[in-house]
Each structure stands twice: as structure tokens, then as C-alpha cells.
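Student: Here it is, the structure in full.
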Amino acid sequence: MKELIRKSVLAVSPYIAGKPIEETKRQLGLKEVIKLASNENPLGPSPKAISAMKKCLSCVNRYPDSQNYYLKKRLAKYFGLDRANFVFGNGSDELIDVIIKTLVEPDEFIITSDTTFLEYEIIAQSNDRKVKKAPMLYFKYDLGGMLKLVDKKTKLIFIANPNNPTGTYVNKYEVTQFLNALPKSVVVVFDEAYDAYIDVDDYPDSLSYLKKRNNIIILKTFSKAYGLAGLRLGYAIGNTELIGYMERIRQPFNVNILAQSAALAAIEDKEFIKKTRQLVLQGKAFIYSALSKMGLGFVPSVANFILVDVSKDGVEVFKSMLKYGVIVRDMKQYGLKNFIRVTIGTNKENERFVRVLRKVLTPRA
Ligand SMILES: Cc1ncc(COP(=O)(O)O)c(C=O)c1O
């Protein structure tokens, strides 16, 4: 079979998703399982989104609006931009693919950081495009290091801000310096999947860069704070001409009808986002304190997850926790052998995570 497959596909190491709850219950015969592995919202979707979807259920015999008219209009108002500044995708994952297909020629390069969202490299590989990665500095994107990799063949740069899996961010000052030094022929994507959780003052206002430059794309998603991961909906904001080219090559019905209606309602539920933020901030403080008491290192995070140094094989810790019905993420695929990543859950879930982690790390007498 291999002879039939494109070489670039043979080279791809597939993305390993967080283990689903149902699969864990089935495989381990467990009744109660909690998932803190995919940075989802533990509160569920906003009740407003649920009732919007219920109203829409009888429409699913129809194709969705391929232009996403109402969502574009609502977001344009929200950001003070034009409808033509937005393109939607089946999750922001799809838009990463559309961006690469729109911009990067076969002999051009993509730059990102080590230890970042794996899909940048996986999707680049599947498109037969090459990626150069700058090492992280103290678990943070090293923008200076990335600049050193830029040459005439560089077309695209991905910056996850905040970064997954480290939870760190690059600040206003660093980004301004970086953009000022970067040739205009390079397009920079700021992937802001976790921006709803930011609680620092020096987080860069990427929209202000977009207003001044043509070479910026911002990626956002409804999968995280909005609690709609299962519906798959993300969007890119950019210069209208560039967005127009992306519109040309995306699939015509890539955003389903339920996702469109749920997202429109979710945007209006500001209370839900506020509650989600509070839960995450409180949960992080609780888990930080518990980890410190256990003597474990962790990377302070501005997102809804924490990278924890468990000082032993992370895959073993993941497997041991699974037996107690707690799904976290091992970091083997990211090259962080002794780490796990935990998503902030409800207070009860966080308490259970701490209890189970303590149990699996305590040597038996
Ligand atoms: C940094 C980052 N970008 C994008 C995504 C993908 O989000 P979506 O569900 O919109 O495809 C994720 C999901 O984990 C992520 O961590």
C-alpha cells in the first residue's frame, strides 16, 4: 500500500487527541470518569447556546449558510471591523490548513516554536511544507530566536499566544519588537484560542497590529471558553484581500448549521464567559497551591491548563491516574517526558485531580 501513499503523508506522526470519557469508561469498566485533557470548558455550553440549537434541530435537512452571514455581522460589530475581515472554519484547526494552502509555496518555510500546538507541524507536513522550529526559552516562545530563522524563503509564522501546552504568553513589548524587525513578506498568525482567560496587563492587542499591517492573521475559536468544542467552529480575522483568498479554497459548508446558531447565542452570554473565567482563575490558584504543597514544579499559566513537572515518566502517571477515572494528558508527543498537562475543571474535579495525583505519586510503604 505504501507505494501508493504520498511521501509527505507517510512522514506525518498523527495528532494524539485527549482520551474520550466514554472510551475510558468502556475500557477500564469505570462508572465515573472526569476529563481534564483537552482544555475544554467544564461548565458545558452556555444555556443560551443550548436553546438556540434546540430551536435549530428541525433545520438540519438544509445546508448551512455557506457565508456565515449573521455570525460575520455580529463579530464585525463586536470587533469594530468589516464582515469581509472574517473567515470561518470547522474548528481553527481547519483554518491552519487553509492558511498554509493559501500562502506557502512548495519551496517556502513555516516557522514556529518548539513545544507548541502540534497541529501547525502536522498540517504543514500533510501539505508537503517544511517547518523550522526555534527552541523555547524557559517554556516561552523565543521571538528573537524565531527571527534568526527568518530568511528569503520564510512565508508564514505561527505564534500560539497563550501557548499550548505551556500556558505562557509573549507580551506587547516582545511582539512589537518582533513585528518591527520582520520583513513585510512574512505573514504572522497569532493563534489566540485561550485569550478569554488572560488576566495580565501586557498581553498584546493583536487587533491593533492588524489595523496597521497586512501581514497579520488572528485565529480564535468557540471550542474553549465558549464551550462549543464538539460543534467545531473557529475563525480567522485578517486583511480583507487575504481573507478573500482563504474564502476561495475553504470547503463551502465547513461550518454546520447547529454550530452557527449556537455560536451566535453564545456570543451574547457574557455572564457565562465571566463565570467560566472566574472558575478557571480560582481553580488555577487551588491547583498551584496543592502542587506546591506536593513539592511539584509547574509552569505558571495564563490559560485554562497547567503544565506540571511530575518528576517521573508522565505516561506512567497518566496511565495510573486513568485507573482512578481521571484523564490528563501526558506530554510525550511534545517531548516533555516528565510532564503532564491538566485542564482546570470544576472545583470538585480539581479536588479529585489533586487527590488522585497525590495518590499515584506517593510511594507505597
Ligand atoms: C493553541 C490552539 N490552537 C487551536 C486549537 C484548535 O482549536 P479548534 O477546536 O478551534 O480546532 C487548539 C486546541 O487545542 C489549541 O490549543
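Student: State yes or no: is Gly283 open to solvent by less than 10 Å² (accessible area, probe 1.4 Å), free of Cβ contacts under 8 Å to residues at least 40 places away in the same chain and under 23 Å from the mean Cα position of the chain (by Cα)? Step through it out loud before you land on a result.
Tutor: Working: open to solvent by less than 10 Å² (accessible area, probe 1.4 Å): yes; free of Cβ contacts under 8 Å to residues at least 40 places away in the same chain: no; under 23 Å from the mean Cα position of the chain (by Cα): yes.
The answer is no for Gly283.
Student: Taking Ile306 as the residue in question, decide whether it is within 20 Å of Thr166 (Cα to Cα), touching a helix residue (DSSP H, G or I) at 6+ places or on another chain (Cβ under 7 Å), of a type in the set (A, V, I, L, M, F, W, C) and assigned to a helix (DSSP H, G or I).
Tutor: So Ile306 does not fit the description; no.
Student: I'm trying to understand the selection: among the residues of segment 119-139, which are open to solvent by less than 30 Å² (accessible area, probe 1.4 Å) and in contact (Cβ under 8 Å) with a residue 24 or more places away in the chain? Walk me through it before giving the result.
Tutor: Restricting attention to segment 119-139, the residues satisfying the condition of being open to solvent by less than 30 Å² (accessible area, probe 1.4 Å) are 119-120, 122-124, 127, 134.
Listed by number, the residues that qualify are Glu119, Tyr120, Ile122, Ile123, Ala124, Asn127.
Student: Shifting gears a bit: Name the single residue, out of those in segment 214-232 being of a type in the set (Lys, Arg) and closer than 19 Å to Asp97 by Cα, that is nearest to the ligand (Cβ to nearest atom).
Tutor: Restricting attention to segment 214-232, the residues satisfying the condition of being of a type in the set (Lys, Arg) are 220, 224, 232.
If we keep only those that are closer than 19 Å to Asp97 by Cα as well, we get 220, 232.
Working: Lys220: 8, Arg232: 6 Å.
Per the stated criteria, the residue is Arg232.
Student: List, please: which pairs have Cβ atoms under 8 Å, are six or more places apart or on different chains, and start with a residue in segment 320-343 that is more than 14 Å from Gly167 (Cα to Cα) and end with one that is in a strand (DSSP E or B) and open to solvent by 10 Å² or more (accessible area, probe 1.4 Å)?
Tutor: Within 8 Å, the pairs are Gly325/Ile34; Val326/Ile34; Ile327/Ile34; Ile327/Lys35; Asp330/Phe339; Asn338/Asp309.
Student: In the set Asn41, Asn61, which member is at negative phi, touching a residue at least 24 places away in the same chain (Cβ under 8 Å) and in a loop (DSSP other than H, G, I, E, B)?
Tutor: None of the other options fit; the residue is Asn41.
Student: Being in a helix (DSSP H, G or I), in the same structural domain as Thr154 (by TED's automatic domain parsing), free of Cβ contacts under 8 Å to residues at least 24 places away in the same chain and hydrophobic (A, V, I, L, M, F, W, C) is true for just one of Ala84, Ala52, Ala76. Which residue is that?
Tutor: Numbers: Ala84 fails: free of Cβ contacts under 8 Å to residues at least 24 places away in the same chain; Ala52 fails: free of Cβ contacts under 8 Å to residues at least 24 places away in the same chain.
Exactly one of Ala84, Ala52, Ala76 is in a helix (DSSP H, G or I), in the same structural domain as Thr154 (by TED's automatic domain parsing), free of Cβ contacts under 8 Å to residues at least 24 places away in the same chain and hydrophobic (A, V, I, L, M, F, W, C), namely Ala76.
Student: Right, another one. Test each condition in (1) within 16 Å of the ligand (Cβ to nearest atom); (2) free of Cβ contacts under 8 Å to residues at least 24 places away in the same chain for Asn180 and report the one that comes out false.
Tutor: (1)
Student: Do we find that Asn127 is in the same structural domain as Leu264 (by TED's automatic domain parsing), within 16 Å of the ligand (Cβ to nearest atom) and under 25 Å from Asn239 (Cβ atoms) in this structure?
Tutor: Answer is no for this residue.
Student: Then there's this: I'd like the residue in segment 198-213 that is within 16 Å of the ligand (Cβ to nearest atom) and in contact (Cβ under 8 Å) with a residue 60 or more places away in the chain and, out of all such residues, is surrounded by the fewest Cβ atoms within 10 Å (Cβ to Cβ).
Tutor: Filtering segment 198-213 for residues that are within 16 Å of the ligand (Cβ to nearest atom) and in contact (Cβ under 8 Å) with a residue 60 or more places away in the chain, the one surrounded by the fewest Cβ atoms within 10 Å (Cβ to Cβ) comes out as Ile198.
Student: What number of residues within segment 141-165 satisfy the criterion of being touching a helix residue (DSSP H, G or I) at 6+ places or on another chain (Cβ under 9 Å), within 16 Å of the ligand (Cβ to nearest atom) and not hydrophobic (A, V, I, L, M, F, W, C)?
Tutor: 4
Student: Considering only residues that are out of contact with any strand residue (DSSP E or B) (no Cβ under 8 Å at 6 or more places or on another chain) and among the hydroxyl-bearing types (Ser, Thr, Tyr), look in segment 170-193 and name the one that is least open to solvent (accessible area, probe 1.4 Å).
Tutor: My answer is Thr176.
Student: With respect to Ser289, determine if the residue is open to solvent by 30 Å² or more (accessible area, probe 1.4 Å), among the hydroxyl-bearing types (Ser, Thr, Tyr) and part of a helix (DSSP H, G or I).
Tutor: When the stated conditions are applied, Ser289 passes them.
Student: Return the residue satisfying two criteria in turn: it lies in segment 72-91 and is open to solvent by less than 20 Å² (accessible area, probe 1.4 Å) and within 14 Å of the ligand (Cβ to nearest atom), and of such residues it is farthest from Thr240 (Cα to Cα).
Tutor: Gly91
Student: Moving on to the next point. List the pairs whose first member sits in segment 259-278 and is under 11 Å from Cys56 (Cβ atoms), whose second member is of a type in the set (A, V, I, L, M) and in a loop (DSSP other than H, G, I, E, B), and whose Cβ atoms are under 9 Å apart, counting only residues at least 6 apart or on separate chains?
Tutor: That search, which allows pairs on different chains as well, returns Ala259/Leu228; Ala259/Leu233; Gln260/Leu233; Ala262/Leu228; Ala262/Leu233.
Student: Sticking with this one: Criterion first (under 17 Å from Ile216 (Cα atoms), within 16 Å of the ligand (Cβ to nearest atom) and open to solvent by 20 Å² or more (accessible area, probe 1.4 Å)) does Asp114 satisfy it? I'd like the intermediate steps shown before the answer.
Tutor: Numbers: under 17 Å from Ile216 (Cα atoms): no; within 16 Å of the ligand (Cβ to nearest atom): yes; open to solvent by 20 Å² or more (accessible area, probe 1.4 Å): yes.
It is false that Asp114 is under 17 Å from Ile216 (Cα atoms), within 16 Å of the ligand (Cβ to nearest atom) and open to solvent by 20 Å² or more (accessible area, probe 1.4 Å).
Student: Can I ask one more? Based on this model, can you work out whether Tyr169 counts as on the phi < 0 side of the Ramachandran plot and not in a helix (DSSP H, G or I)? It would help to see each step written out before you state the result.
Tutor: Values: on the phi < 0 side of the Ramachandran plot: yes; not in a helix (DSSP H, G or I): yes.
So Tyr169 fits the description; yes.
Student: Output the residues belonging to segment 196-211 that are in a helix (DSSP H, G or I) and touching a helix residue (DSSP H, G or I) at 6+ places or on another chain (Cβ under 9 Å).
Tutor: So the first thing to find is which residues in segment 196-211 are in a helix (DSSP H, G or I), and the list is 196-197, 206-211.
If the condition is that a residue be in a helix (DSSP H, G or I) and touching a helix residue (DSSP H, G or I) at 6+ places or on another chain (Cβ under 9 Å), then Ala196, Tyr197, Ser206, Leu207, Tyr209, Leu210 are the ones that fit.
The values are calculated or read from the model by the stated rules, or taken from the named source; none is laboratory data. Bear in mind the structure is a predicted one, so any value in this text is a computation, not a measurement. Reconstructed Cβ throughout: ideal geometry from the backbone, glycine too, with neighbour counts over all protein chains shown. The accessibility values were calculated without ligands, DNA or RNA, using every heavy atom of the protein model including side chains. Shrake-Rupley method; radii C 1.70, N 1.55, O 1.52, S 1.80 Å.
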